[in-house]
Amino acid sequence: MSRWLDEILIELGKLGALPLPEDFADDYSPESLPVLEAAALTHQEQGANVDLLVRALGAYLGEAILYTAGGHWECSGFPADDPAVIVDPVLKAGPVHVCSVVRRALDEASGGVFAEEHGWMQIAADAQRERDPGWRPVKTADGVQRPQPPGPQAEAARRLSTCLNHGRRERGVCPWCAGRAAPTFGIREIQRRVAPAFLAGPALTGTGQACRATIRGE
């Protein structure tokens, strides 16, 4: 069990190999699951060995279920390559073998398996709230944290990402942007490295000034 918990963040990091949208919200929300599954299927159609990402995809799906239904990871008594999610016992649901779910999704290629699996847990959680309005899903700490809701920096990052993409298409990224955001930066990296400076940096002139006004939403 401890080995899986030691590896889960590494596995989740492997999802960067997938052709995910630049604005993909890796927040373990139900809405993110079809997007992730679609990216995995596209990766598979492109000839990639998606088997290498089964545990990574299973880790994400499992975390999404845990945030909805509470519970913990369990490996004891299960195959080493198929860690299980054990949801809150009050939901009276069996273990979810997430890697088996992922393999089924890749085989069926319908694009709806992740959402369907999560949906059963959502139904159970909603029913429990009706029985006990005070019930909340509690996820045992495993080192995985759900990102905070978007704030001013996240919005600035989104605008800056749009600006950079436009500039790359037009071959006219202003020097201020070009010096602070490499072409490979995704929106999370832009948020962490660039947006704070854009929001609070010194006064700019010329294209840099216009660019920052765009990012600030002015």
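I'd like to check something: does the range 85-95 contain any residue that is over 27 Å from R129 (Cβ atoms) and surrounded by fewer than 23 Cβ atoms within 10 Å (Cβ to Cβ)?
Here is the first cut: in the range 85-95, the residues over 27 Å from R129 (Cβ atoms) are none.
No, the range 85-95 has no match at all.
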- Evaluate the range 110-122: report whether one residue or more is loosely packed, with under 13 Cβ neighbours inside 10 Å, assigned to a loop (DSSP other than H, G, I, E, B) and either modelled with pLDDT of 95 or more or β-branched (V, I, T) (or both). yes
- Is it fair to say L41 is within 12 Å of the chain's Cα centre (by Cα) and buried (at least 16 other Cβ atoms within 10 Å of the Cβ)? no
- Answer yes if at least one residue in the range 21-28 is small (G, A, S), open to solvent by less than 70 Å² (accessible area, probe 1.4 Å) and under 30 Å from E130 (Cβ atoms), and no otherwise. yes
- Task: Identify, from the list G13, G58, the residue that is closer than 18 Å to V113 by Cα and part of a helix (DSSP H, G or I).
- Result: G58
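The values are calculated or read from the model by the stated rules, or taken from the named source; none is laboratory data. Predicted model only: the values in this text are computed from it and were never measured. Positions of Cβ are backbone-derived with ideal geometry, glycine not excepted, and every protein chain shown enters the neighbour counts. These accessible areas exclude ligands, DNA and RNA; they are computed on the full protein's heavy atoms, side chains included. Shrake-Rupley method; radii C 1.70, N 1.55, O 1.52, S 1.80 Å.
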